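The values are calculated or read from the model by the stated rules, or taken from the named source; none is laboratory data. Quantities reported herein were computed from a predicted structural model and do not represent experimental measurements. Cβ sites come from the backbone with ideal geometry, for glycine too, and all protein chains shown count toward neighbours. Accessible surface is based on the protein model in full, side chains and every heavy atom, while ligands, DNA and RNA are left aside. Shrake-Rupley method; radii C 1.70, N 1.55, O 1.52, S 1.80 Å.
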Amino acid sequence: MVDNEPDRYIAAADFVNNVKELIAVFGPDCVLNADQSGFQYEFHSGRTLRRRGLKKVKVCVQSISKMTHSYTIMPTIDATGKLLSPLFIVMQEISGDFGPLVKKDLFTAPNIYVTASRSRKMMKDHLKTWLEEVYFPHVGDRTVLVIDSWLTYKNQALLNNATPEGREVQVVTVPAKTTSLCQPLDVYGFRMWKDFARKIWDWVLQDDVKCEMHLRNSVLKLQSLVHNQFSSPRFRDMWKVGWSHPGYFENDEHFEFKTPSQFCFDSEAAKQNEKCSSPTCPKFHFLKCAWCKCTLCFEHFFHCNHFCELIN
């Protein structure tokens, strides 16, 4: 049990040393970290241009009710800096599942796996689904899974039932209250993800774009596109920081890289306000694709679902 600040750092250091040994045995491509993070359906920056200290600040939103409803994503990265696909998403649904009409029209993409719960939080059944449908089909036969101290993760019977014959996964649990120190996705990952998603949301409101971003299918498309951009090989060094900063590798390299927001939104194309790369499109820069480096307007990125895997 971690009771005070010095104990946190001692527990984190011991944990890192343990995982370092496992990386040496299993190899960095077989040591993975997965973690959950919550997102509001309506997701904005908390900043405004009003003076600090004002008691009331009026802001514009698409749906007030969606400001209090949320969903969960669960990405997985390995120690080489690779973001695995698909992204696991748990949506909040009143019944705990999608109705037949919703399922029929639900947005799908090759890089997301979507399920639902009443609370948007993962339960035992969701963990079993994640293991069977997302984790094991996309990793090696012998792996190490670095994961936090959520009680359900410690359910050995569930883990054994979900593990295919001939496969092995060694689960190592991050000590309580140390995730910010030694869980890679918490150390460096989710902050970048949320910043990127927030920039897309804020653009829609600022430019009064006709797009209902708080709707279920828009949310799924948003997460699919963010995952696709973050999967670009250009960002492998960024994902490695989550592993190198806590000390999982002996030689703590200093990686030089641009974050996804810097590369996609703050490029020269943005500074020069270049036109969209799509032929005959008169609209201007919204984003530069992290794969093909094309300059895209919002319509050709989001509405046309620019799912790209062509590196340039």
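The table below lists the values:
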| item | result |
| --- | --- |
| By average C-beta atoms within 10 angstrom, highest first, the peptides 33-41, 208-216, 17-25 | 33-41, 208-216, 17-25 |
| Near-label residues of region 75-116 by backbone N, under 11 Å of a point 7 Å along Cα→Cβ of residue 29 | 80 |
| Mean Cβ count within 10 Å, highest first, over the residues of peptides 185-191, 286-292, 256-262 | 286-292, 185-191, 256-262 |
| DSSP-defined beta bridges in the chain - what % are antiparallel, rounded to 5 | 50 percent |
| Rounded percent of accessible protein surface that carbon and sulfur make up, the chain, 1.4 Å probe | 49 percent |
| Point-charge dipole on Cβ atoms (K/R +1, D/E -1) for region 165-312, about Cα centre, debye to 20 | 360 debye |
| Unit charges at the beta carbon, dipole of the chain: most positive-side option, 75, 235, 90 | 90 |
| Computed magnitude of the charge dipole of region 87-134 (debye, nearest 20; Cβ of K, R +1, Cβ of D, E -1) | 160 debye |
